[in-house]
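The structure appears right after this line, and notes come after that.
The values are calculated or read from the model by the stated rules, or taken from the named source; none is laboratory data. Just so it is clear, the model here is predicted, and its values are computed rather than measured. Heads up, the Cβs are rebuilt from the backbone with ideal geometry, glycines too, and the neighbour counts pull from every protein chain shown. Just the protein is used for accessible areas: all its heavy atoms, side chains included, with ligands, DNA and RNA removed. Shrake-Rupley method; radii C 1.70, N 1.55, O 1.52, S 1.80 Å.
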Amino acid sequence: GTTPLARFLEGPSVLRECPDSQALRAAFRTEVTRRQRRSDGSVSLEGRRYEIPARYRHLQQLHLRYARWDLSTVDLIDARRGTVLCALAPTDKASNASGRRRAIDPVTVADTPLFESGIAPLLRRQMAEFAASGLPPAYIPAEQEVTP
């Protein structure tokens, strides 16, 4: 005895939420594997060249995720986890045609060493636990005799 719209509005909702537009764009992307060019740190995809950031230039196999119809958004993917590492930018053809190349910065390592004592962390922890126990050393090295 009611209209279909009124009955729909009165009953329980069984609708699913529509994903946002970013999630829909990400759902219809393909993942490919490419080799990085060692000379300039770039990769070719669908006839276009993309620059790889310097912090990823040590990778030989790159996993890329992109939509064939939209090459403006190409992402570098972590192959094990499937997470996005960074977005890739297309190579600037005008600056590339000038013949001048930008200098590639060396990969920097932290200035402080990871372990200042040179002892592995687990061994250092075990040595500290043994020293805290107050027991004498389990092994005392013998004096080495020097023979001429």
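Relative contact order (percent) for the chain, with alpha-carbon contacts under 8 angstrom and 6 or more residues of separation?
Relative CO of the chain lands at 14 percent.
Separation between the Met127 and Arg16 pseudo-spin-labels, each 7 Å from Cα along Cα→Cβ, expressed in nm?
Label at Met127, label at Arg16, 5.8 nm between them.
Return the label of the correct value of Cα extents along the principal axes in Å, as calculated from the structure shown, out of [x] 106, 64, 24; [y] 56, 46, 22; [z] 54, 43, 30.
Correct label is [x].
Using 1/(1 + (r/R0)^6) with R0 = 25 angstrom and r between the beta carbons of Arg25 and Arg55, what's the FRET efficiency to the nearest 0.05?
0.45
Output the 0 to 90 degree angle, nearest 10, between the alpha-carbon long axis of helix 121-133 and the longest principal axis computed from the alpha carbons of the chain.
50
On a C-alpha basis, how far is the centre of the stretch 2-37 from the centre of the stretch 49-71 in Å? Whole number, if you could?
Cα centres, the stretch 2-37 to the stretch 49-71: 28 Å.
So between Ser98 and Glu46, what do we pick up on full extension, going 0.36 nm a residue minus the alpha carbon distance?
16.3 nm
Of the accessible area of the chain, with the probe set at 1.4 angstrom, what percent is carbon plus sulfur?
Its accessible area is 55 percent carbon and sulfur atoms.
Rank-order 37-46, 79-88, 10-19 by packing density, defined as the average count of other C-beta atoms within 10 Å over each peptide's residues, highest first.
Output ranking for 37-46, 79-88, 10-19: 37-46, 79-88, 10-19.
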